[in-house]
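Worksheet: one structure, shown below.
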């Protein structure tokens, strides 16, 4: 807590500002253009700046900042507090700095302990990386999923490199021993992987022989045309169940097998095309029929529209199929006719709903009676009192027109 500036500072008549240190007054500067109060306030602020730095050092040491950095900060404070140009309890600041220095050994010991713990943690982390690699290397090679194992091996190697670059320094001897184990396990896995893929090559050769037979069978179906498509699909199921060859071989074999299938499906497409050409006459007939019955969309009477639609549907059904690419367009036009007639049906039943009709007739009767009464009043009323009656009569007539 800083003592009042008046207790540690004074201003002489010539504007010189001094600070008291013990029983001695030391000049710290002058402030000739201001009042004594302003002069003391100026040099007190300088003291406050120094105190803020000391407080910051206290906070840093409390927060456990690096002891080496705090030592540098305290060394600068020692220099700044030798003969500072400031007014305040400078001795107290020096005492606080001294107290901080006494805490440094404890902080350094604590941080040394933390550093050792970090090294131990780093060694444990690297030990786990090595153990994970050794665990994979210790498995039966025939049971290892090599695709995932290869990814894991790469990840472990990258984890080792990252930790080596960004983690705390560990004793070289221990680090070398761990790396030796890691490299040995990795080499073991590489040898096992090569052996595995050599065996896989043998399987690939067997798969090649099986699939060549399937290709021969598929090509034999070509002379039967589209009728052989079910048989080709059966061969395709056997293809999927057969073992896979290596990717390059598998791709080449599949291209040959697929070529036979494409030929069969091409024959089917040609047949469909011929059918579409034959059915194109039906398409023209159906379009003409749609044009003939397009007036259905303009009809507003339900019975007439329904009768026209039934006539259309009978004649439409008698016509044959149309090309596949035209089916949707023609169906959409038919749906428009059907939708229009359905809307007329809905409108009819909505208007002829007995309950709703009864309510409408009741309201119509009430309005008719009210209109008759208003007309009678208008006949008996004087010319000056008719405006309200005429407005009410007009409103009720409008409602009656809506209901009718």
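Taking the stated definitions as given, is residue 32 outside any helix (DSSP H, G or I), at negative phi, at pLDDT below 80 and not assigned by TED's automatic domain parsing to the domain that holds residue 179? Answer is yes for this residue.
Identify, from the list 109, 86, 57, 39, the residue that is touching a strand residue (DSSP E or B) at 6+ places or on another chain (Cβ under 9 Å) and assigned to a helix (DSSP H, G or I). Of the residues listed, the single one that is touching a strand residue (DSSP E or B) at 6+ places or on another chain (Cβ under 9 Å) and assigned to a helix (DSSP H, G or I) is 39.
Among the residues making up segment 150-170, those that are without any contact (Cβ under 8 Å) to a residue 40 or more places away in the chain and under 15 Å from residue 125 (Cβ atoms) are 155, 156, 157, 158, 159, 160, 161, 162, 164, 165, 166.
Is it true that residue 97 is touching a helix residue (DSSP H, G or I) at 6+ places or on another chain (Cβ under 9 Å) and either loosely packed, with under 15 Cβ neighbours inside 10 Å or not in a loop (DSSP other than H, G, I, E, B) (or both)? Against the criterion (touching a helix residue (DSSP H, G or I) at 6+ places or on another chain (Cβ under 9 Å) and either loosely packed, with under 15 Cβ neighbours inside 10 Å or not in a loop (DSSP other than H, G, I, E, B) (or both)), residue 97 qualifies.
Against the numbered list (1) in a helix (DSSP H, G or I); (2) surrounded by fewer than 17 Cβ atoms within 10 Å (Cβ to Cβ); (3) not assigned by TED's automatic domain parsing to the domain that holds residue 63, residue 126 comes up short only at (2). Taken over segment 129-147, the criterion of being surrounded by 15 or more Cβ atoms within 10 Å (Cβ to Cβ) and assigned to a loop (DSSP other than H, G, I, E, B) is satisfied by 144 alone. When you scan segment 106-120, do you find a residue that is at pLDDT 80 or above, assigned by TED's automatic domain parsing to the domain that holds residue 28, in contact with a helix residue (DSSP H, G or I) (Cβ under 8 Å, 6 or more places away or on another chain) and under 30 Å from residue 52 (Cα atoms), even just one? Among the residues of segment 106-120, not one is at pLDDT 80 or above, assigned by TED's automatic domain parsing to the domain that holds residue 28, in contact with a helix residue (DSSP H, G or I) (Cβ under 8 Å, 6 or more places away or on another chain) and under 30 Å from residue 52 (Cα atoms), which makes the answer no. The number of residues in segment 225-273 being under 30 Å from residue 322 (Cβ atoms) and in contact (Cβ under 8 Å) with a residue 24 or more places away in the chain comes to 13.
On the stretch given as segment 57-84, residues that are in contact with a helix residue (DSSP H, G or I) (Cβ under 8 Å, 6 or more places away or on another chain) and surrounded by 14 or more Cβ atoms within 10 Å (Cβ to Cβ) total 13. Return the only residue of 284, 271 being part of a helix (DSSP H, G or I) and under 28 Å from residue 228 (Cβ atoms). The conditions single out 271. Scanning segment 164-201 for residues that are touching a helix residue (DSSP H, G or I) at 6+ places or on another chain (Cβ under 6 Å), modelled with pLDDT under 85 and under 13 Å from residue 129 (Cβ atoms) yields 167, 170, 178, 182. For residue 220, indicate whether it is more than 23 Å from residue 141 (Cβ to Cβ), outside the structural domain of residue 142 (by TED's automatic domain parsing), exposed (fewer than 12 other Cβ atoms within 10 Å of the Cβ) and over 40 Å from the mean Cα position of the chain (by Cα). So residue 220 does not fit the description; no.
Which residues, counting only those in segment 341-350, are surrounded by fewer than 17 Cβ atoms within 10 Å (Cβ to Cβ) and in contact with a helix residue (DSSP H, G or I) (Cβ under 7 Å, 6 or more places away or on another chain)? Explain how you work it out, then say what you get.
Step one: of segment 341-350, the residues surrounded by fewer than 17 Cβ atoms within 10 Å (Cβ to Cβ) are 342-343, 345-350.
Matches in segment 341-350: 345, 348.
Annotation: residue 328 fulfils all but one of (1) more than 16 Å from residue 297 (Cα to Cα); (2) at pLDDT below 90; the unmet one is (2). Among the numbered conditions (1) farther than 24 Å from residue 170 by Cα; (2) exposed (fewer than 11 other Cβ atoms within 10 Å of the Cβ), the only one that residue 92 does not meet is (2).
The values are calculated or read from the model by the stated rules, or taken from the named source; none is laboratory data. Here the structure is a predicted model, which means the values were calculated and not measured. Reconstructed Cβ throughout: ideal geometry from the backbone, glycine too, with neighbour counts over all protein chains shown.
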